[in-house]
Every structure is written in structure tokens, then in C-alpha cells.
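Participant: Structure in C-alpha cells, see below.
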Amino acid sequence: MTNSSHAEEEKKVRETVTNFLLSSINIANLNDDDNLFASGIVNSLFAVQLMTFLEKIFVIELGMDDLDIENFKSVNATTAFVMRKKGWQKAEAGPS
Amino acid sequence: MQYLLTEQQKARHGDFKTFVNQNVEPFAEKWDREQRLPESVIALLAKLGYLGCSLPTQNGGHGWDTVTFGLLNEALGRGSSSLNGVLTVQTMVSKALLKWGSVEQIRKWIPMLAQGEIIGAFALTEPGGGSDIHSLVTEFTDSRGDSLVLNGAKKWISCGQFASLFLVFGKLGDRSLACLVPRETPGLEVEPIHDLMGFRAAGLAKLTFNNVEVPPANVVGKPGFALSHIAPVGLHYGRISTACSALGLLRGCFEESVTWAATRKIGNQPLGDIGMIRSLIAEMGTDLEAGSFLCHSACRAADENLPEAFEKALMAKYFTSRAAVRAASDAVQIQGAAGCHASSSVSRFYRDAKIMEIIEGTTQIHEHLLGGIFLGQVRRSLQ
Ligand SMILES: Cc1cc2nc3c(=O)[nH]c(=O)nc-3n(C[C@H](O)[C@H](O)[C@H](O)COP(=O)(O)OP(=O)(O)OC[C@H]3O[C@@H](n4cnc5c(N)ncnc54)[C@H](O)[C@@H]3O)c2cc1C
């Protein structure tokens, strides 16, 4: 993936994740690094709803190995997780 | 509601009803009275693949969709809530394990669960409480070597009397953790609980863990995720199963009531000609239709892996369990003294229905969650 298409995909993923979060958690403004699991923002179904959403929209399957709070704790973390899971990596720097 | 089903789903529902007519309904009262399910009926469910019907074929299941799974629960719930309880917890354990288990755990356990060679039990509730799952006190501690040590107690565990595999939830420090405990594990004590008002044949038990060794191979998922990811998957299928089972019980109340009202005479007048009896039947029949739609919607959402599937299952279970309690009470009322006797299935429905308002999250917990969800939606739309 070229660096520009990586940036485009990342932007789309970030928007999709942010829109889902804003439609499902009780917070007016969401910054990319806000901790989603901070008390009071989410209910007890949130984690599995987020999991299902990611699986459905990005056509990925989550399993035991993905259970890491670093993957889901914020918009940034979730975006990076989806990019990794889809194998959408930045192009390696070529030999100079 | 039938028009929403495929021909195959309709045909299978017909098969399930025939199965229940022949193998469940004639015996349900006896099982209730004796407070036990015969091994033969569980073996029959296993033989037909019903206990793993919603698991993938590659894991030994039938690979049926959730709508068909719901129809099976509905049919079994019409016959015996206790028997359906076996399917409920088997599915809760299997689905949670299938989603979050390791490759080795899935390979080892899921085919046996799917084929009904072993029965699973879902051990979450403790003597200290069930609604507030975050206050669990069952404790894992590190031991020397790789294993963990489990201490604590679980109560009101369906199928605990005969299950071979327990999915147990506890805490490792301040992180939640789930693990598998086979029945023969040293330090696990199983004490039957008798004399419940309903679900009397569901084989409830209290489990005590005294320094039970849990090898790493039996830890499910990772520390910190048992209550946020593993239990909710099990409880989701538990709610779908219970919602559909309550719907079956509601159908039982409706069918028994209309038959009684059509045939019983008060003086020269059929009971069903009395307006007040018609009111009860009208409410029951309408609840039955409404509940069918909610159950279907929850099952379809699960089949399509929609994020809203979880709240749809909450709504279905909340509605049908409460409607079943109302319907069972009215069904007894319509039959009068006959409805108060064990020879009438509505007397059992009356006792079983109330349990449905307590398991897989009480009515109040459903209201707390659903109320929060609905309010959140409005708040967000106002922002
Ligand atoms: C037949 C049967 C089978 C069962 N099978 C299983 C099983 O297989 N596995 C398992 O783990 N458990 C099982 N249970 C236990 C069941 O899940 C619990 O009983 C249930 O979660 C409620 O917990 P509790 O009984 O401790 O009630 P409590 O949590 O003590 O609640 C008591 C009352 O307070 C209300 N309440 C609690 N919190 C709130 C709140 N925040 N807001 C408003 N009201 C509240 C409740 O709704 C209830 O009315 C079973 C129970 C029965 C009866």
C-alpha cells in the first residue's frame, strides 16, 4: 500500500469508528485519544457491540489474540488495530 | 409472523413441535414433580444434534441460523422450560468458548459440546449476588508454576448437577478472568439445589472451589476480558434462548386457554363468550404475536452480526418473560381450580414463567440497560 492510499484508508477507518462511537456512547465530544473505557461513558454491552461493529463493517474476525485493551481504548487505538488487522501497512521505505 | 420464515425454517419448526409433542410434553409434569430430567431425553437432544445446532458444521454442529435456533427454543419452551434450560446453558458455554477460546480449546471441547457428548454449565452467579457481576469474589491466585488456583463458590448454576464442564468466572487481582473446570477436577464440590418454585428439573447446583488447580490450557481469553467480552457473548445467547423459550411458554398458555374457553361451559354459556375472558385471551394472543416479532428480530440481528443484536435480545427477553408471567397468571385464572392442579400444564407454566424474569439478567437489570440505551439515543440526537 502506498503511503497516500494508507493515509486515505486510515482517514476512512477513523471516521467510521468515530461515527459509530458517537452514535453509541454518552459523550458530546470525542477526541482521538480519549479513553473509551473511562467510567460512565459506556455500558456493559459496549465492548461486544464495538467488536461486532468492527467485524461487520471491516469484514474481520476478532478472537482471543485480539483481546488487548491497547487495541480498543481510543479512536486512535481502534483505528490502528483495524489497519493492522486488514494488513493495510504503510509502504516500506525502499533501498536508498 | 410465519411469513418472515423461510420454507426450511418453517419445516424445521414443524419437526421441533412434533418432537416436543411426542417426547417432551407428555413427560414434563413428571420431570417437574421428580425434579430431574432423565438422561434419555438429554441423550435424545444430543442424538438429534439439537444441543449444538447453532455451532458450525466444521466443529460438529448443524450450522443452523439463529432464527432456527430460536424456533427450537420456542418449541422446547412450550414443552418444558427445564429441558430447554439445558439447551440454553450448552449454547452459552459453547458460543462464548467458540468466540474467545484458543484454537486448542475449540478443537478439544467444541465438538464434544456440539454433539452433546458433554454438557456444559455457565457459572457466573455467586451466593453474594448475581446482578452486579463486577462484585464477583471467586478468586484466582498465582501458584508456583504456570497454573492458577481457584477458590470461591457459585450458586444457582443450571445443569450443575450433571454438567461435565463448567465455564467459571472470577477475578485475578482486580482483573476478571474465565476458565474451564472439568467436573472431575480435584477441589470442585457440587451440591444439588432442590425445591425451586420453577425450572425444577433444570438440575441446579451450588459449586465450591477449594484450591482448584487451573492449568493455562483451561484459561479462556485473557485476564481483564471475562466480564466485558466473554460473559456478554454467553449471556447474549442465553437471552435469545430464554426469550424464545418464554415465547413457547406463552404459546402454551394461549393454546390451553383458548381450548379451555371454547369447551368449558358456565351454565349453558361457553366460557369464551364472556367478555372478560375474551379480554384475557386478546392480550395473550397479541403478546404472542408481538413477542414473536421481537424474538425474530433479535435472532435475525444475531445472524447478521449487527451491533444492535445485543439490545434486540434484551428487548425480546424483557418483553416475552414479562408477557409469559402475565399469560401464565391469566391462564390459571381462566381454568379456575383445574389450573391450580399439577394435572394442568398451566400450573407449571405459572411457576416456570417467573423464573424467566430472573435468569440471564433480571427484569430490573434489563430495564436499567434498555432505559439507558433509549435515553442515550435521545440525548445524542439532541446534541
Ligand atoms: C432457575 C435458575 C437458574 C439459574 N441458572 C444460572 C446459571 O446457569 N448460571 C448462573 O451464573 N446463574 C444462574 N442463575 C442465577 C441468576 O442469574 C441470578 O439469580 C440473577 O442474575 C439475579 O441475581 P440474584 O438472584 O443474586 O439477585 P440480586 O442480584 O441479589 O437481585 C435482587 C433484586 O434486586 C434487583 N436489583 C439488583 N440490582 C439492581 C439494580 N442495579 N437496579 C434495580 N434493581 C436491582 C434485582 O432485579 C432483584 O429483583 C439462575 C437462577 C435461577 C432462579
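Participant: Does at least one position in the stretch B:101-112 carry a residue that is within 30 Å of B:Glu34 (Cβ to Cβ) and part of a helix (DSSP H, G or I)?
Facilitator: Yes, the conditions are met somewhere in the stretch B:101-112.
Participant: Looking only at residues in the stretch B:75-100 that are open to solvent by 10 Å² or more (accessible area, probe 1.4 Å) and away from the ligand (no atom under 16 Å from the Cβ), which one is nearest to the chain's Cα centre (by Cα)?
Facilitator: Of everything passing the filter in the stretch B:75-100, B:Arg78 is nearest to the chain's Cα centre (by Cα).
Participant: Another question, if that's okay. Of (1) away from the ligand (no atom under 16 Å from the Cβ); (2) within 14 Å of chain A (Cβ to nearest Cβ); (3) aromatic (Phe, Trp, Tyr), B:Tyr318 satisfies all except one. Which?
Facilitator: (1)
Participant: Which numbered condition in (1) more than 14 Å from chain A (Cβ to nearest Cβ); (2) part of a helix (DSSP H, G or I); (3) within 12 Å of the ligand (Cβ to nearest atom); (4) of a type outside the set (D, E, K, R) is the only one that B:Phe122 fails?
Facilitator: B:Phe122 satisfies every listed condition except (2).
Participant: Among the residues of the stretch B:309-338, write down those that are more than 19 Å from B:Gly77 (Cβ to Cβ) and buried (at least 17 other Cβ atoms within 10 Å of the Cβ).
Facilitator: Within the stretch B:309-338, B:Ala309, B:Phe310, B:Glu311, B:Ile334, B:Gln335 qualify.
Participant: Pick out the one residue from B:Ala301, B:Ala316, B:Ala342, B:Ala290 that is in contact (Cβ under 8 Å) with a residue 60 or more places away in the chain and in a helix (DSSP H, G or I).
Facilitator: Answer to the check: B:Ala316.
Participant: Run down B:Leu375, B:Leu280 and say which single residue is open to solvent by 30 Å² or more (accessible area, probe 1.4 Å) and within 16 Å of the ligand (Cβ to nearest atom).
Facilitator: Selected residue: B:Leu375, the only one of B:Leu375, B:Leu280 that is open to solvent by 30 Å² or more (accessible area, probe 1.4 Å) and within 16 Å of the ligand (Cβ to nearest atom).
Participant: Restrict the check to the stretch B:85-100 and report whether at least one residue is small (Gly, Ala, Ser) and within 14 Å of another protein chain (Cβ to nearest Cβ).
Facilitator: yes
Participant: Among B:Gly170, B:Gly187, which is more than 20 Å from the chain's Cα centre (by Cα), within 13 Å of the ligand (Cβ to nearest atom) and at pLDDT 95 or above?
Facilitator: B:Gly170 is the lone residue from the list that is more than 20 Å from the chain's Cα centre (by Cα), within 13 Å of the ligand (Cβ to nearest atom) and at pLDDT 95 or above.
Participant: For the stretch B:224-253, give me the residue count where each residue is at the interface with chain A (Cβ under 9 Å from one of its Cβ atoms) and not aliphatic (A, V, I, L, M).
Facilitator: Final tally of qualifying residues: 6.
Participant: Can you tell me how many residues in the stretch A:39-50 are within 13 Å of the chain's Cα centre (by Cα) and either more than 7 Å from chain B (Cβ to nearest Cβ) or aromatic (Phe, Trp, Tyr) (or both)?
Facilitator: 1
Participant: Among the numbered conditions (1) within 10 Å of chain A (Cβ to nearest Cβ); (2) open to solvent by 10 Å² or more (accessible area, probe 1.4 Å); (3) of a type in the set (A, V, I, L, M), tell me where B:Ala342 comes up short.
Facilitator: In the conditions (1) within 10 Å of chain A (Cβ to nearest Cβ); (2) open to solvent by 10 Å² or more (accessible area, probe 1.4 Å); (3) of a type in the set (A, V, I, L, M), B:Ala342 misses (1) alone.
Participant: Restricted to the stretch B:349-368, and to residues that are assigned to a helix (DSSP H, G or I) and open to solvent by 20 Å² or more (accessible area, probe 1.4 Å), which residue is farthest from the other protein chains (Cβ to nearest Cβ)?
Facilitator: Per the criteria, the residue is B:Tyr350.
Participant: Is one or more of the residues making up the stretch B:125-135 in a strand (DSSP E or B), more than 21 Å from the chain's Cα centre (by Cα), within 15 Å of the ligand (Cβ to nearest atom) and in contact (Cβ under 8 Å) with a residue 24 or more places away in the chain?
Facilitator: No, the stretch B:125-135 has no match at all.
Participant: On to the next question. Does B:Lys206 satisfy being more than 14 Å from every other protein chain (Cβ to nearest Cβ), among the charged types (D, E, K, R), closer than 23 Å to B:Asp132 by Cα and more than 13 Å from the ligand (Cβ to nearest atom)?
Facilitator: no
Participant: In addition: Spot the failing condition for B:Asn268; the list is (1) at pLDDT 95 or above; (2) of a type outside the set (A, V, I, L, M, F, W, C); (3) open to solvent by 20 Å² or more (accessible area, probe 1.4 Å), and only one is missed.
Facilitator: It fails just one condition, (1).
Participant: Just give me the residues in the stretch A:35-59 being among the hydrophobic types (A, V, I, L, M, F, W, C) and either assigned to a helix (DSSP H, G or I) or exposed (fewer than 15 other Cβ atoms within 10 Å of the Cβ) (or both), in sequence order.
Facilitator: A:Phe37, A:Ala38, A:Phe46, A:Ala47, A:Val48, A:Leu50, A:Met51, A:Phe53, A:Leu54, A:Ile57, A:Phe58, A:Val59
Participant: Tell me, which residue of the stretch A:60-78 that is more than 10 Å from chain B (Cβ to nearest Cβ) and in a loop (DSSP other than H, G, I, E, B) is nearest to B:Ile106 (Cα to Cα)?
Facilitator: Looking at the filtered set, the residue picked out is A:Ile60.
Participant: Across the stretch A:1-34, what is the total count of residues that are within 14 Å of chain B (Cβ to nearest Cβ), among the polar types (S, T, N, Q) and exposed (fewer than 12 other Cβ atoms within 10 Å of the Cβ)?
Facilitator: Summing the residues that are within 14 Å of chain B (Cβ to nearest Cβ), among the polar types (S, T, N, Q) and exposed (fewer than 12 other Cβ atoms within 10 Å of the Cβ) in the stretch A:1-34 gives 2.
Participant: A follow-up question, please. How many residues are near the ligand (Cβ under 7 Å from one of its atoms) and either more than 16 Å from the chain's Cα centre (by Cα) or farther than 26 Å from B:Arg200 by Cβ (or both) if we restrict to the stretch B:136-167?
Facilitator: 1
The values are calculated or read from the model by the stated rules, or taken from the named source; none is laboratory data. Every value quoted in this text rests on a predicted model; they were computed, and no experiment measured them. All Cβ positions, even for glycine, are placed from backbone atoms using ideal geometry, and neighbour counts span all protein chains on display. Just so you know, the surface numbers come from the protein's heavy atoms only, side chains and all, with ligands and any DNA or RNA stripped out. Shrake-Rupley method; radii C 1.70, N 1.55, O 1.52, S 1.80 Å.
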